[in-house]
Amino acid sequence: MNKIILALDTTDLEKAIEITKKVKNKIFTIKLGLEFFNARGKEGVKKFNQAGITNLMLDLKIKDIPQTVYKAIKALDDISFGFITIHGQGGKEMIESAKKAAQEIKSQPEIMIVTILTALSDNDLKDMGNDSSVIQQVEKLAKIAKEMKVGVVCSGQEAKIVRKIIGPDLLIFTPGIRMKDENKNDQKRICTPEESIKNGSNKIIMGRSLINGDIEKNLKKVSDSLEK
């Protein structure tokens, strides 16, 4: 099965749908984040459903009190999507509320907990008063994911230890993916597509790396690298 999730971080609905129709048979699914959702909302998501994408990754990174998270996910009952992200640091009760809501809506999406954003480093955590390293925090959150039976979003650098903790059945999606000769941009903990998959990731999330230039050519380059 295809391992590439295409991140469309844009407010341009027409362009996003055009790209989706061009490559939908060459990817696993589309990831829509806050930029798109805040601009286009559920009506925008429905346009992707109409284009045949019903397993969307809705990357909203929700973090709030349990009841608010429950109601926020319940409010998504009229769209079709396969995955939704919440922050693992919201705690077990919040995760449980998210799971309950997910089971009660039409799509019954998989809950994916975000560990530590790939734009953050050990120094960033220290600045926020956290004495743990990134890897220590990711390990703690992976243990929670295993206990709560939810998927994990983490850097490919941490995928190996996360896989060891959560076992073979739970999902790992990895952002911060770059080809070897590519600019890091705003990411600090990056990995190549093949490294991420080798380390235990099920799917890799890529946006700018694919969209800049010839997207079909770029997709083939990534797909070929995963088949070596």
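The values are calculated or read from the model by the stated rules, or taken from the named source; none is laboratory data. A quick note: this is a predicted structure, and the numbers were derived from the prediction, not measured. Here the Cβ is made from the backbone with ideal geometry for all residues, glycine too, and neighbour counts use every protein chain on show.
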- Under the condition of being over 29 Å from Met128 (Cα atoms) and of a type in the set (S, T, N, Q), which residue from region 68-113 is surrounded by the most Cβ atoms within 10 Å (Cβ to Cβ)? Ser107
- Task: Select, from Val134, Val138, the only residue that is within 24 Å of Lys164 (Cα to Cα) and in contact with a Cys (Cβ under 6 Å, 6 or more places away or on another chain).
- Result: Val138
- Query: Can you name the condition, by its number, that Gln89 falls short on among (1) under 16 Å from the mean Cα position of the chain (by Cα); (2) within 30 Å of Asp224 (Cβ to Cβ)?
  - Reply: (2)
- Query: So which of Lys149, Lys164, Lys180, Lys184 is of a type outside the set (Asp, Glu), under 30 Å from Leu210 (Cβ atoms), surrounded by fewer than 18 Cβ atoms within 10 Å (Cβ to Cβ) and modelled with pLDDT of 95 or more?
  - Reply: Lys164
- Task: Output yes when any residue across region 106-117 is under 25 Å from Ile177 (Cα atoms), among the hydroxyl-bearing types (Ser, Thr, Tyr) and at pLDDT 95 or above, and no when none is.
- Result: no
- Message: Please determine whether any residue of region 118-129 is under 15 Å from the mean Cα position of the chain (by Cα) and over 19 Å from Lys74 (Cα atoms).
- Response: yes
- Message: Just to verify a result, which residue in region 206-222, among those that are modelled with pLDDT under 90 and of a type in the set (Gly, Ala, Ser), is farthest from Leu32 (Cα to Cα)?
- Response: Gly213
